[in-house]
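The values are calculated or read from the model by the stated rules, or taken from the named source; none is laboratory data. Quick caveat: nothing in here was measured; it's all calculated off a predicted structure. Cβ placement follows ideal geometry from the backbone for every residue including glycine, while neighbour counts extend to all protein chains displayed. Each accessible area value is taken on the protein alone, full model and side chains, heavy atoms only, with ligands, DNA and RNA left out. Shrake-Rupley method; radii C 1.70, N 1.55, O 1.52, S 1.80 Å.
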Amino acid sequence: MEVNDVSVREQLFHNRVRETFICVLLFTCLYILSYLILTHFKKNADYVTDDVEDATANKIALWLCTFTLSVAVCAVLLLPISILSNEVLLIFPHSYYMQWLNGSLIHGLWNLVFLFSNLSLVFLMPFAYFFTESEGFVGCKKGVMARVYETAVVLLLLTLLVLGMVWVFVALLNNHSARESLYVCTPFGLSRMFSVTGSLLVKPRLLENVEVEMNCAAFEEASLSRTLNRGSTACWVSVNVEPLRTQFLGVQAKRIALEMRRRASPWQRNLFYPLAMLLLLALTVACVLMVCFHVLELLFDETAMPSGMGDPRLGTASFSMFGSLGAAVQVVLILYLMVSSVVGFYSSPLFTSLLPRSQDTNLTQIIGNCVSLLVLSSALPVFSRTLGITRFDLLGDFGRYNWLGNFHIVFLYNILFAGLTSACLINTLTWAVQGELIRAFGLHKLPLTVSRTTIPLKLLLANGLSKIQ
């Protein structure tokens, strides 16, 4: 009996060591990836200053931001890893090389992400911000530790203040969670995906002459360049230099874009762009259809409600009625929703200034971006399960939100998401088609006093045929 107990304890010990090693290895890879991303956007001048103390403080804050971004990336991968692990165990149920992939590992990963995400939001990111702004208490010896003491005191006072405000807020609103409030960006982001993708690809030439437009842009750029050169030497036009410089940069960017369109191959213009737009349309329509189907499930099936799962039994049944193919589609849609949420967030007028720029993002902006991405990513599992994108139930503390069992909140959220996404999609497609037709027929060059609706259809067709010839 004692021998069996010892063997069981040894097995549990080995399993715990193996799970810890896998989690550490995964997080190390994500940390390295996050550090490379942040170093691509950070402003190098903040870390090469003459003040050694400031440079050290900025490096420590950057390490904390890297940790937070790693947790955010891991939160995004929670559902895809869980769904794919279940499908792998269904395909290889008795494989010796897949014994490390089990429910205990997945459950522990969910708990660690929940713990580290709250730790980063509540302590690490506020500490990083106050640490870069602190200088130490008056009368104390300057140094990094003086900054640490001041930051710890300020963070403690801020924590007490926030906890008091949150306690009052929860008492007034009966403990309703508001973490998903940022996900109103998702419907807007789904519509913005078309314009963002279109800006990265080469559009086909629809009834337009790129050579003529590029020559006009080159002439305008040369004219503005001569004006700026004269303005730099003449005192009487020095006031108008800045608007001219802004206009010159805009014209230069337009000329470069037209040159890229001219040099692009016919495959890039006529195949890649339509395929990318059709793929985005298919993914968006699939999301809306799955949400609409989930709305019907909520009306007739109680198991469609999002809930928590204590013991994940992986490898017993697929979480999609279409098997492995349906699970792969779920993973693609979950990642697509995350990308759309990020695009919608940065496209919002309130957060446009937060958009990071290569080698030109200061440390405060990096902290703001890491916090925003962590909030969006940590809400992604609850968001995807609430919309019915997947039937994988939430693990750990992610499934302990009280409002998850409220039918009215879940039902109205699904209706709101489907309605807003459909409205944004229809509006984007109609305006995009109208804008391309107007530009293709040259109506964007008409003066404002001329109404485009008064132009006869025969004139439009004649203008289009002449451009084709």
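Shown is the FRET efficiency for Thr227 and Ser353, computed with R0 = 25 Å from the Cβ-Cβ distance and rounded to the nearest 0.05: 0.25. Computed over the alpha carbons of region 271-402, Rg followed by Dmax gives 17.6, 53 Å. Give me the Debye-computed log₁₀ of I(q)/I(0) at q = 0.13, 0.14, 0.20, 0.31 Å⁻¹ for region 353-407, equal point scatterers on Cα only, no solvent, two decimals. Rounded to two decimals, the profile gives -0.49, -0.54, -0.75, -1.27. Note on Thr316 and Glu135: their simple-model spin labels are 6.2 nm apart, each label 7 Å out from Cα toward Cβ.
Globularity index of region 46-123 is 1.62 (Cα radius of gyration / 2.2 N^0.38 Å, N = number of residues).
Report the Cα centroid-to-centroid distance between region 352-371 and region 390-433 in angstrom, as an integer. About 28 Å separates the Cα centre of region 352-371 from the one of region 390-433. Residues whose amide H comes within less than 5 Å of that of Leu395, counting only those at least five positions distant or on another chain, are Met309 (H built at 1.01 Å from N in the peptide plane). Think of a 1.4 Å ball rolled over the protein heavy atoms: region 69-157 then has 51 Å² of accessible area per residue.
Here, P(r) means the percent of Cα pairs in each 5 Å bin from 0 to the largest distance; for region 286-338 it is 4, 16, 18, 28, 25, 9, 0.
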